[in-house]
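Structure first, then comments.
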Amino acid sequence: MDEVIQVTQWLPSITPRKKAKLFFFTTHADAPSPMVGSNDVDTHEETQLPLATTVALHNFKNIDEFLKKKVNTFSCYNVIENEITKTDYEYLRFYSACKYLDVVPPFLDLEKISAIQNKFEMTDEERDYRLLLDSADLVLEKVCDSLKPAGVSQMWTALRKDRNLIRGVKTIDIIGFFVDPNPTGIKECLFFFIVRFLQKADKINRVNTNRLERLIAQCDESSSCEEGKTIDFIIDSLRFYPTELYPFGFCLIMCVIEGRDGAMQEIEKTMEISRHLGMITHTEKNPTKETIELVKKELMKPKYQFYSSFTCWFMSHGDSNSMVLADGETIEREWFLTSFPDISTFQLKPKVFFMVSCRGANKFSLKGDEFEGQSATCDYYDIGSALIRNRMLDITDSVRDISYVQPMMDTLVAYSTILDHLSGRANTHGSIYVDRACVLMSENISRGRSLTEILEHLSQDLHEILQETMDEDRIVYKQACHYDSFFRKTLKLPYTRHPKEDVHSAPQ
């Protein structure tokens, strides 16, 4: 059958709501750059004008034309072997969105998709279409689904009142002040227009969503929320790092085996828990400085743009400032921790480091039953939040900026012990910290707990365990772990493990 006829038959089979979502996912706001073939055409026109006209005219003609143009571009596209182009990226996004929405065109060339995935050097695990979906867009889709048409209309009214923000924007004027979002699919188009407008204006991104939250907060709960949803529930959903669907992220495990009893057990446990959490995992045994540099270079490849989080386990001997590598050389812990967060592929995404090594030789030793319980009291002052707010600064949008970000932001570093102290291990099972961390994460995977909640529980659990040195003194001691957080949102563990699906299977 002629492809033009197939496209003509395919478009009417898609509901208006799914067309709006397909457009939204396909016009992803944070495409990797720079890329071959990207001449920075007016993306404002491409991503906002079709949405604006659809809302204004209650007609999906321009979105249909956009989708037809995409299909025609992909149909005529010849995959270049080496260079990754803008069209490669768009093709994968379009394909994954179609799979997710269950509207894959029967004429879409899967061989081209496979060829593009080869260019990205994707493994079998990475060819799962869910990796290609942007988690931040999936969260925004859920926010949209939680709002009634009246709620999105109220957001629009609130946005229109910000004259400094909308001044001179033609697409705003196309939609007009009063909108009827009730026809099927119009609510979605209006919400996605608001989101893309705020993104293009540098008011929100995948981490900074305060401006969007403020618009939602101005909605009337009784008329704006779908059944079972509240304004607080919707806003709270924006305060977590977006790590929807599979995979939960990329996990790098580095473990020095030489001279460390139980090291293989550490690798097995960390691999098991990372896979249980739905991460794609890579392991480096006995890393050297050269290994670390090669891994950093690998993580800069374009395919890692698709991951929504990064986790690293580094297990070795160490002292207060450095860690011992497999060849006996040492690296500064600070150098290691500051070099990885600066990798561009994981910017604005949560990065978690589990640093498992001694940081000195001191021990919190126990010398018998000489400790007696102590208590402390303090005064509590009940100060109303309104009173506090009245005394605080009024921070306006004019002094806010989300464009420039310190490299360490969105990073959490978890240490197996405190500075200058030992990190205990068992002869056969390796690090006790690793063991307890993996157990607690496994136990909490279906409870909706955040990573920091689990780390706090881990701190309590580990500090209850009596350990003994392996030398002739046999000193009994306790170990205290801690973490440093630069997180700007909460990182929740997935509710369920997301198993790998067959690459060509239909979405559930």
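List every residue whose amide H lies under 5 Å from the amide H of residue 225, counting only residues 5 or more places away in sequence or on a different chain, with H placed 1.01 Å from N in the peptide plane.
Under 5 Å from the amide H of residue 225: 148.
What angle do you read, to the nearest 10 degrees and between 0 and 90, between the alpha-carbon axis of helix 263-276 and the longest principal axis of the chain?
Helix 263-276 sits roughly 30 degrees off the main axis of the chain.
Quick one: which residues, 5 or more positions from residue 364 or on another chain, have an amide H under 5 Å from its amide H? H modelled 1.01 Å from N in the peptide plane, none for Pro or chain starts.
Correct list: 478.
So if the hydrodynamic radius of segment 416-474 is defined as the Kirkwood radius over C-alpha pairs, what does Stokes-Einstein give as its diffusion coefficient at 25 °C and 0.890 mPa s, in µm² per second?
Answer from the Stokes-Einstein relation: 193 µm²/s.
Assign unit charges at the C-beta atoms only (+1 for Lys and Arg, -1 for Asp and Glu), then state the dipole size of the chain relative to its Cα centre in Debye, rounded to the nearest 20.
1740
What ranking do 434-440, 160-166 get when scored by the average of other Cβ atoms within 10 Å per residue, highest first?
The packing order, highest mean first, is 434-440, 160-166.
If you split all Cα-Cα distances of segment 134-239 into 10 Å bins from zero, what percentages do you get per bin, shortest first?
Binned Cα distances yield the sequence 15, 52, 31, 2.
Would you work out which of 168, 405, 82 lies farthest towards the positive end of the dipole of the chain, given +1 charges on the beta-carbon of Lys and Arg and -1 on that of Asp and Glu, about the Cα centre?
In the chain, that residue is 168.
Can you tell me the relative contact order of segment 134-239? Whole percent, Cα pairs under 8 Å, sequence separation 6 or more.
Rounded, it is 42 percent for segment 134-239.
For residue 278, which sequence-distant residues (separation of 5 or more, or a different chain) have an amide H within less than 5 Å of its own amide H, given hydrogens modelled in the peptide plane?
498
Using +1 at the C-beta of Lys and Arg and -1 at the C-beta of Asp and Glu, which of 132, 12, 308 has the Cα lying farthest in the positive direction of the dipole of the chain?
Most positive-ward Cα: 12.
Which entries in 70/297; 112/229; 19/148 show an alpha-carbon gap greater than 30 Å?
Result: 70/297; 112/229 exceed 30 Å.
Along each principal axis of its Cα atoms, how long is segment 125-193 end to end? Whole angstroms, biggest number first, please.
Rounded to whole Å, the extents work out to 47, 26, 17 Å.
List the aspartates and glutamates whose Cα lies under 12 Å from the Cα of residue 296, skipping any in the same chain that are fewer than 8 positions away.
342
Compute the long axis of helix 61-76 from its Cα atoms, compare it with the longest principal axis of the Cα atoms of the chain, and write down the angle in degrees, 0 to 90, nearest 10.
70
Relative to the Cα centre, what is the charge dipole magnitude of segment 134-239, using +1 at the beta carbon of each Lys and Arg, -1 at the beta carbon of each Asp and Glu, and rounding to the nearest 20 debye?
580
Read-outs: derived from the displayed coordinates by stated rules, not from any lab. It should be emphasised that the depicted structure is a prediction, and the values quoted were computed from it without experimental measurement. Note: ideal-geometry Cβ built from the backbone for every residue, glycine included; neighbour counts use all protein chains shown.
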